[in-house]
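The values are calculated or read from the model by the stated rules, or taken from the named source; none is laboratory data. These figures come from a predicted structure and were not determined experimentally. Note: ideal-geometry Cβ built from the backbone for every residue, glycine included; neighbour counts use all protein chains shown. These accessible areas exclude ligands, DNA and RNA; they are computed on the full protein's heavy atoms, side chains included. Shrake-Rupley method; radii C 1.70, N 1.55, O 1.52, S 1.80 Å.
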Amino acid sequence: MITNEALKKIMEDVKKRNPGEPEFHQAVSEVLESLEPVVAKYPEFIEKGVIASVVEPERIIKFRVPWVDDKGVVQVNRGFRIQFNSAIGPYKGGLRFHPSVYEGIIKFLGFEQIFKNSLTGLPIGGGKGGSDFDPKGKSDAEVMRFCQSFMTELAKHIGADTDVPAGDIGVGAREIGYLFGQYKRLRNEYTGVLTGKGLTYGGSLARKEATGYGLCYFTAEMLKDAGDSFEGKTVVVSGSGNVAIYATEKATTLGGKVVAMSDSNGYIYDKNGVDLDAVKAIKEGRRGRIKEYLDVHPEAEYHEGCSGIWTVKCDIALPCATQNEIDEASAKALLANGVKVVAEGANMPSTPEAIRAFQEAGILFGPAKAANAGGVATSALEMSQNSMRYSWTFEEVDAKLHNIMVDIYRNASSAAEEFGMRGNLVAGANIAGFMKVARTMLAYGVC
C-alpha cells in the first residue's frame, strides 16, 4: 500500500487519466510502493516531476488494421504502439497479437519494459505494441496479409535508432519475418529495426532461447546466494510457448526435473519428467495443443484448466504463461506443497496478493522485470550485431546473457539492501531499474 502523500496523488492521477485499465494500475502501484524510501532520500524525483513524467507515456499510437481473409472478406483489427520512455535509449519492447490486447494491456507492458530494459544495463528505453488480432486458426496467407497491413502503419513510427519492436505472445518467427519484409519494402533500407529475426536476415543466435535461459540463470543465482541449486529439484513450468520451452530446457540442464507444463486449455503432469522433444514437436512443429502429449506418453496425466498446474507439488515454480496467472489461492497451494522458489518468466504473472503470500512465507521470489529480462537483453545484443554487421557465436551470446542476468540479480539485491528491504527483489528490481532512468531524466531537465 502506498503511504507517501505525493506518490498517492500520482497514483490517483494515473487512475483518473487511465480509467478501466486495471493491469496498468497494478503495475504502476507496485513500482510507486517500492519507491517510497527512494523519494524520502531523493525528494527531487517528486519535486522536479520525474515520477509524474515516468508514469505518462511519451507517445501513444493507435490505428486500424484492415486486412482480407481467405474468403475475400475485409476484417478490421486495432493496432497499438506505446512509446513509453526513451530516456536511456530507443524504445524497445515486443508486439503482442492476442484477442485480449487493448490499450491498458499495452500500457502495463510498456511501463514494465522501462525498468526491465534499464536493469539489463544496455541503452534501451521502454515501449510495447500489438493488436487484438488472433493468429490462432489463421492461415499463413492471412497472417501475412495482417502483418503487412499492420506494418504499413507502424513503419511510420519506428526505426533502428527510434523504436525497435520484437515478438511477444502471438508474434513468433513467422510474424517477425512478414513484418520485417514489409518494413524493408516500404522503407527501402535494411536495418535492425526488429529483433527476433531469422538467422538468415540479421537474427541473433540464442535469441529464441534467451528469455527461458535467462530466467533460469537468474533463478540459479538466487539459489546460489541461498547456498542451493537446481540440482535434484522438482520444477513446474506454466505455458508451453517459447519462454516455457527453453526455461524447461535450461532447468533440466542445471539438474532440475520439470514435471508439468500447460497451455490455455489445460496442463500435463509427467512424474518421470517432461519429454521436451515431444513438447517441441507439438508446439514448435505443428502448433498443436498440450494434451497431444498423451499421444506420445499415455502414462502422463492431462487435466483441463490451466490454473490447476499450481496444485502440482514442486520445489521451484516458473510461471511463463501470462499476467496474473497465479492468484492468492494458487500461491497458497504452492506454499502448502512446499515450494521454495518462484521466479516469473511471464510479464506480471502473480497478483499482488500472491506476491504478498510468497514474501510473507519467506521463500525466494524473482519478479518478472528482473527474472525475464533475458529476452530483451539478447534483443539488444542483436541490435548491436546488426549495427556492426557482425554475428557472435551461440556460446558468446549465451555467456553475455548469463553475465547480464547475474548482474541484474546482484543490482536488484543490492538496491533492496541499500533501502532497508533486504531480500525483497520486487522492490530492489523496481528501484535499480528506476534510478538509472530517473537520473537521466533529471539530467535532461523538463522532459
Looking at the range 144-251, which trypsin sites (Lys or Arg not before Pro) are in a loop (DSSP not H, G, I, E or B) and have at most 10 other Cβ atoms within 10 Å?
none
Please report, ordered by residue number, every helix of the chain (full DSSP H runs) that is 15 Å or longer along its axis going by C-alpha atoms and whose mean Kyte-Doolittle hydropathy reaches 1.0.
425-444
Compute the separation of the alpha-carbon centres of the range 121-183 and the range 392-431 and state it in Å as a whole number.
29
For the chain, set up a GNM with springs between Cα atoms under 10 Å and report which of D228, D407, D132 has the largest fluctuation.
D228
Springs between alpha-carbon atoms under 10 Å, Gaussian network over the chain: tell me which of T195, T152, T248 tops the mean-square fluctuations.
T152
Compute the Cα gyration tensor for the range 215-302, then decide on rounded, prolate or oblate, letting a ≥ b ≥ c be the square roots of its eigenvalues: rounded whenever a/c is under 1.5, prolate when a/b is larger than b/c in the other cases, and oblate in all that remain.
prolate
For the range 403-447, shape from the Cα gyration tensor axes a ≥ b ≥ c, cut at a/c of 1.5 then a/b versus b/c, turns out oblate
Within the chain, longest stretch free of exposed GluC sites (Glu not before Pro) [DSSP loop, at most 12 other beta carbons within 10 Å]
1-188
For the N265, E5 Cβ pair and Förster radius 51 Å, calculated FRET efficiency rounded to 0.05 is 0.65
Binned Cα-Cα distance frequencies in the range 1-60 - 5 Å width, integer %:
4, 19, 32, 27, 13, 5, 1
FRET efficiency (M421, K71; Cβ distance; R0 56 Å; to 0.05) is 0.50
Where L334, L364 fall by accessible area, highest first, once all protein chains stay in place (1.4 Å)
L364, L334
In the full protein assembly as shown, how much of D295 is accessible to a 1.4 Å probe, in Å² to the nearest 10?
130
Under 15 Å by backbone N from the virtual spin label 7 Å along Cα-to-Cβ at E328, the residues of the range 1-29 are 1
Taking amide hydrogens as modeled 1.01 Å from N in the peptide plane, which residues meet the under 5 Å criterion relative to I326, leaving out close sequence neighbours?
S350, T351
Just the Cα atoms of the chain: what Rg and Dmax do they give in Å?
20.9, 63
Heavy-atom accessible area ranking, 1.4 Å probe, most first, across S29, S391:
S391, S29
